[in-house]
Amino acid sequence: MSRWSTTVRIYTCLTGANPFVSAKFYGSASPALAQLSAAHIFAAFNLVPMNIIIRKGTAQDIPGMFRLVKELAEFERAPEAVVNTEAQLLLDGFGDDSIYKVFVAEDTATQQVVGMALYYTAFSTWKGQIFYLDDLVVTEAYRRYGLGRKLIHEVLKAAHEAGTNQIRWQVLDWNTPAVEFYKSLGATLEEEWINCSMSKAQLAAYVQRTGNIQPTTNN
């Protein structure tokens, strides 16, 4: 016979900054199960709270999206790397020549954007048209509800429906939970590749240094 009783009554409170699920056991219950977070309950059953919806982003979401951009930069220990602005994010996503698409998670109770998955179409000489997932982020208070999985699901579905040959994204090697999450999706993690980049200042310095170099032509 099990040491602990299997009879339990659940009391829920899913509002406010710290939602919880309180479990009252009848008989001799495990102390470790006396208080469970709502996040753990929802994550275990791959559920999303009723007040959270996943939808396509709109121009009205830009302030919330930009807040998430800055929050992610803080998490990745590089807040100074963000040089983008709300105005540019609005123009690039919802202007005449928009270059990205985005899905957002909205808490309808507060009308706040609490997560997003931002992606765009790119090109590979090997693969042809591909998608690049630039940001997948859920604000800290709403993590462990499975929102990240719901958001990336929409992007992966969009990539499949568009007939793209590949979708790419990056993950920091020290972000073990994210690495394991992406593995669980069936993604390939290519550790042999090294990312290369040049900032605006580096580009300017390069052009200034090499401005007199003329391209080689064949006569």
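Here are some notes:
- Selection within segment 105-145 - among the β-branched types (Val, Ile, Thr) and in a strand (DSSP E or B): Val113, Val114, Thr121, Ile130, Val137, Val138
- One residue stands out among those in segment 119-144 that are more than 17 Å from Phe75 (Cβ to Cβ) and within 13 Å of the chain's Cα centre (by Cα): the one that is surrounded by the fewest Cβ atoms within 10 Å (Cβ to Cβ), which is Tyr132.
- Flag for Gly64 being outside any loop (DSSP other than H, G, I, E, B), modelled with pLDDT of 95 or more, more than 23 Å from Tyr142 (Cα to Cα) and open to solvent by less than 30 Å² (accessible area, probe 1.4 Å): no
- Any hit, segment 202-210, residues being assigned to a helix (DSSP H, G or I) and in contact with a Gly (Cβ under 7 Å, 6 or more places away or on another chain): no
- Residue within segment 110-123 that is more than 18 Å from Ile54 (Cβ to Cβ), in contact (Cβ under 8 Å) with a residue 40 or more places away in the chain and not aliphatic (A, V, I, L, M) present: yes
- Residue list for segment 146-171, filter: open to solvent by 30 Å² or more (accessible area, probe 1.4 Å), in contact with a strand residue (DSSP E or B) (Cβ under 7 Å, 6 or more places away or on another chain) and not in a helix (DSSP H, G or I): Asn165, Gln166, Ile167, Arg168, Trp169
- Reported count of residues in segment 82-104, each being surrounded by 12 or more Cβ atoms within 10 Å (Cβ to Cβ), in a helix (DSSP H, G or I) and either out of contact with any Lys or Arg (no Cβ under 9 Å at 6 or more places or on another chain) or among the aliphatic types (A, V, I, L, M) (or both), is 7.
- Some residue of segment 197-215 being among the basic types (Lys, Arg), closer than 22 Å to Phe66 by Cβ and modelled with pLDDT of 95 or more: no
The values are calculated or read from the model by the stated rules, or taken from the named source; none is laboratory data. No experiment lies behind these values; they were computed from the predicted model shown. Note: ideal-geometry Cβ built from the backbone for every residue, glycine included; neighbour counts use all protein chains shown. With ligands, DNA and RNA removed, areas are computed over all heavy atoms of the protein, side chains included. Shrake-Rupley method; radii C 1.70, N 1.55, O 1.52, S 1.80 Å.
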